[in-house]
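Quick notes on the structure that follows.
Every read-out reported here was derived from the displayed coordinates using simple, explicitly stated rules and does not represent laboratory data. Everything numeric in this text was worked out from a predicted model, so none of it was measured. FYI the Cβ positions are ideal-geometry reconstructions off the backbone, even for glycines, and counts take in every protein chain you see.
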Amino acid sequence: ARVVVLISGTGSNMAALLDAAADHLYGAEVVAVGSDRDAPGLALAERAGVATFTVRFADHPDRARWDAALSERIAAFSPDLVVSAGFMRLLGPAVLDRHTVINTHPALLPAFPGTHAVRDALAYGVRITGATVHFVDSGVDTGPVIDQVAVPVLPGDDAASLHERIKTVERRMLVDVVGRLAREGWTVEDRHVRLGSVEP
Ligand code: GRF
């Protein structure tokens, strides 16, 4: 399966996917990494020999045209799957109607959606949070859940320490999910995701 990864930041989730994809048995190949800004992770992808592109929000007159431009750039790589891994902008209909997109989120959805999930979980005082991989729909972190993993909040945690603990398990889960989607296919029925749509 051909995978395009979208990032806005360091791209450690993307890097984990690149590592996994080095094994051809993994079933997914990262064909491009895209961003909405000069994300530090782009250099990492370039060093790994992967095509990169940037579609800046400010270079477009409005959200719809930015979304359409992004969709075109993605489509040029004919992906079977788009992985949003720390991509910090909402995707619009031009992208979502044309591509299957999954996202990784650093909380146990539907708790703490949005950009400040780790900070919000910490401020709320939960003892357990985690990470969720889900299909992306038009809402904010509302699409069907594919997988989740729980992570404890420990005494003395700040947002940085908690986020690091989450990201360690988040990366493993994302790698596992992308590989399984690629190798086994999937079906979604009434929000319920089943991996392995390919009947034996
Ligand atoms: C991840 O925790 C992701 O869920 C969140 O931002 C982080 C991205 O980290 N939205 P990285 O850029 O993959 O290192």
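Things worth noting here:
- Residue match in the stretch 38-52 (condition: of a type outside the set (Phe, Trp, Tyr), surrounded by 15 or more Cβ atoms within 10 Å (Cβ to Cβ) and over 21 Å from Val178 (Cβ atoms)): no
- Scan of the stretch 79-98 for residues that are away from the ligand (no atom under 16 Å from the Cβ), in a loop (DSSP other than H, G, I, E, B) and either of a type in the set (D, E, K, R) or surrounded by 19 or more Cβ atoms within 10 Å (Cβ to Cβ) (or both), ordered by number: Pro79, Asp80, Asp97, Arg98
- Residue within the stretch 142-156 that is assigned to a loop (DSSP other than H, G, I, E, B), touching a Lys or Arg at 6+ places or on another chain (Cβ under 7 Å) and over 27 Å from Ser71 (Cβ atoms) present: yes
- Only one of the numbered conditions (1) more than 13 Å from the ligand (Cβ to nearest atom); (2) among the small types (Gly, Ala, Ser); (3) over 13 Å from the mean Cα position of the chain (by Cα) is not met by Gly143, and that is (3).
- Flag: Ala43 matches the condition of being of a type in the set (Gly, Ala, Ser) and more than 17 Å from the chain's Cα centre (by Cα).
- Sub-6 Å Cβ pairs linking a first residue in the stretch 1-25 that is touching a residue at least 12 places away in the same chain (Cβ under 8 Å) to a second residue that is in a helix (DSSP H, G or I) and within 7 Å of the ligand (Cβ to nearest atom), at least 6 apart or interchain, are Val5/Met14; Ile7/Met14; Ile7/Gly41; Thr10/Gly41; Gly11/Gly41; Met14/Gly41, ordered by first then second residue.
- Only one of the listed residues (Ile102, Ile166) is under 13 Å from the mean Cα position of the chain (by Cα), under 20 Å from Gly9 (Cβ atoms) and either within 12 Å of the ligand (Cβ to nearest atom) or not β-branched (Val, Ile, Thr) (or both). That residue is Ile102.
- Of everything in the stretch 105-140 that is in a strand (DSSP E or B) and under 16 Å from the mean Cα position of the chain (by Cα), the residue that is farthest from the ligand (Cβ to nearest atom) is Phe135.
- Verdict on Ser197 being part of a loop (DSSP other than H, G, I, E, B), more than 16 Å from the chain's Cα centre (by Cα), surrounded by fewer than 16 Cβ atoms within 10 Å (Cβ to Cβ) and polar (S, T, N, Q): yes
- Hits in the stretch 78-96 - residues which are over 17 Å from the mean Cα position of the chain (by Cα) and either charged (D, E, K, R) or under 15 Å from Val4 (Cα atoms) (or both): Ser78
- Among the residues making up the stretch 138-171, none is among the charged types (D, E, K, R), touching a strand residue (DSSP E or B) at 6+ places or on another chain (Cβ under 9 Å) and exposed (fewer than 15 other Cβ atoms within 10 Å of the Cβ).
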